[in-house]
1. Which pairs turn up if I take residues in segment 137-155 that are on the phi < 0 side of the Ramachandran plot and look for partners that are of a type in the set (S, T, N, Q) with beta carbon separation below 7 Å, at least 6 apart in sequence or on another chain?
2. What are the residues in segment 136-173 that are in contact with a strand residue (DSSP E or B) (Cβ under 9 Å, 6 or more places away or on another chain) and closer than 17 Å to P80 by Cα, if any?
3. Give me the residue from segment 111-126 that is in a helix (DSSP H, G or I) and aliphatic (A, V, I, L, M) and, out of that set, farthest from I177 (Cα to Cα).
4. On the basis of being among the hydrophobic types (A, V, I, L, M, F, W, C), part of a loop (DSSP other than H, G, I, E, B) and under 15 Å from the mean Cα position of the chain (by Cα), does L192 make the cut?
5. Given the residues M147, M170, which is the only one that is more than 15 Å from the chain's Cα centre (by Cα) and part of a helix (DSSP H, G or I)?
Amino acid sequence: MSEPARKSTSSGNKTWTIPTTEEFSLWSGFEGREEALSRGLMQLLKTVVADQPYQHHMNDAALKATLVAIQFAKNNNMLPQYVAHDVKTLEPVNKRVGALVAQTGDPEYGLIGMFERTDCWYQTVLEYKTEPGRRTWLSPYRTVLEMGKRIGQFDLTEQEIHEEWTIPRMLGYAEAIGIRVKISPWQDDGWLSCELVD
């Protein structure tokens, strides 16, 4: 997909130039933030050495919080309402991304907004691939879910999470952004995908 001509736009009192999709996905955020980077690296090192009763990863706390919330919603027959609440909560952010899609005519900005530009994604999903018009990822829940099931915290399955949590949320996000996507059905190897559709 070709890059759109760069345009200037106003947001409040500031004028800024719409970044290319490459710039939009690659900005590091480290520029001028060395102290925050140092603290983050310390958290990483503490997490990597935590290997009992299993090897912990940087996404464990986010996964546990998500699984606890999904399990609570399931136990109380509220999962559809919880999904709707999540979609509504993120609607202001997704509408802002949608404005960028509308200004440029490029739906790739929508996928970038749903995936690599949101810390809700990359702090949860550690393995993913980016291609124009498509994102592929490994479901992140397996290890934490299995450990929690062993001690009676969860009775969820990864397939259930994908079908009743991930798919409806992603469809809701895409709708708010103004793009159409197709999400793959559950795959036993855990590799899933979301792609733009015309």
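Laboratory data are not the source of any read-out in this text; all were calculated from the coordinates shown. Worth saying up front: this structure is predicted, and the values here are computed from it rather than measured. Heads up, the Cβs are rebuilt from the backbone with ideal geometry, glycines too, and the neighbour counts pull from every protein chain shown.
1. P140/N59; P140/T124; F154/Q71
2. Selection gives H162, T166, I167, M170, L171, Y173.
3. That would be I112.
4. Against the criterion (among the hydrophobic types (A, V, I, L, M, F, W, C), part of a loop (DSSP other than H, G, I, E, B) and under 15 Å from the mean Cα position of the chain (by Cα)), L192 does not qualify.
5. M147
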